[in-house]
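Structure below; questions to follow.
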Amino acid sequence: MPEPQESTRLKDGLLSMAELPTAPADPLPAIQGRIVRRRRVRFVGTTVVLAACATLAFAIVPALNGTSTIEPAGPVTANAPVVPDDQAEPFSDRKYTKLPEANAYRPGYYVASGKEADKDWNALSTLTAERGCLVIEPQTLNDSFVCFDDWTDPAKRADWFTTGLRLGAKPDFEPLDKTLVLGAVSIEARSVRIETANGQLYTADAVATPNSDQLRFFAFVVPQRDAKVTAVTPLDENGEVADPPVDMPPPLECGKDVTCAEHRATPTPAK
């Protein structure tokens, strides 16, 4: 049996150990909360500069494949104000003003531009009943007018449509060895990675316009005839896969002014 003094020392030691501060709570939930919030706001300083440089690099790729896109405004400097997702680069508020077509698109904003077979083309964002749509002008190389309105699958991250380019007017036209890819992704995306069945990868800007605060749009010319696009992956400002759009309205109803082919809503523009 320990002596009284040793017993006292042992008791005091045990009491002091009982008074030690408890371990801090698990920090993981707080960290995860900060990560989620950061996905909704713009960084400033070094992170923004790196993201802007990445956007500039993405913009070069379409130009090398015969398609030029709206130029980003450039890197954001430190202490710059927070920019909402629907106005963050790449962003275009340049209106299409050629009449009478401009009246039909209410309004149309440039998303991408290019030249194929010495013919200029422009992809414009427009709205139909609050749904995001893309239209090609002039419609000599392609007469697409497509709405990306069916987001009933909550896991759907991208919607796209492919069509060939041509010279001349229907029915007497010459197909080109090019495929136009039009599509939409969530407002959090900054670029898209396009993959074709033969394993080729292409990158295009995901451009925001004043027509939508929920969607960004892209247009890209693949240098293949009848190219089959197998995947479109939206990437956010950090190069991570972007979330699907949220709180989207129901799909357009097929009817007099809307043609639904292959589950694609194609409204008839008013001229």
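What follows is calculated from the coordinates using simple rules that are stated; it is not laboratory data. These figures come from a predicted structure and were not determined experimentally. Virtual Cβ from ideal backbone geometry, glycine too; neighbours counted across all protein chains shown.
Hey, can you grab everything whose amide H is under 5 Å from the amide H of T203? Only 5+ residues off in sequence or another chain; H modelled, so Pro and N-termini drop out.
For T203, the qualifying residues are I194.
Provide the per-residue ³J(HN,Hα) series for the range 107-121, in order, calculated from phi with Karplus coefficients 6.51, -1.76, 1.60 and θ = phi - 60°, each as a whole number of Hz, with x at glycine and proline positions.
Ordered by residue, 3J(HN,Hα) equals x, x, 10, 5, 10, 7, 9, x, 9, 10, 6, 6, 10, 6, 9 Hz.
Starting from 0.36 nm per residue, how many nanometres of slack lie between V83 and K156 once their C-alpha separation is accounted for?
Taking V83 through K156 to full extension adds about 23.7 nm, to one decimal.
Follow-up question, since we're still on this one. Pairs to check: K178/K228; K170/K228; K115/K178. Give those whose C-alpha atoms are more than 19 Å from each other in this structure.
Over 19 Å Cα-Cα: K170/K228.
Starting from the amide H of S186, placed 1.01 Å from N in the peptide plane, find each other amide H under 5 Å away whose residue is 5 or more places distant or on another chain.
R216
Also: Within the range 160-176, which residues have the backbone N less than 16 Å from the label spot 7 Å out from C254 along Cα→beta-carbon, could you tell me?
none
Quickly rank 199-206, 215-222, 234-241 as a protection proxy: mean count of other C-beta atoms within 10 Å, highest first.
By packing density, highest mean first, the sequence is 215-222, 199-206, 234-241.
What is the distance, in nm, between label points placed 7 Å from the Cα along the Cα-to-Cβ direction at R94 and at D118?
2.4
In debye, nearest 20, what is the charge dipole magnitude of the range 140-220 about its Cα centre with +1 on Lys and Arg Cβ and -1 on Asp and Glu Cβ, if you could check?
Here the size comes out at about 180 debye.
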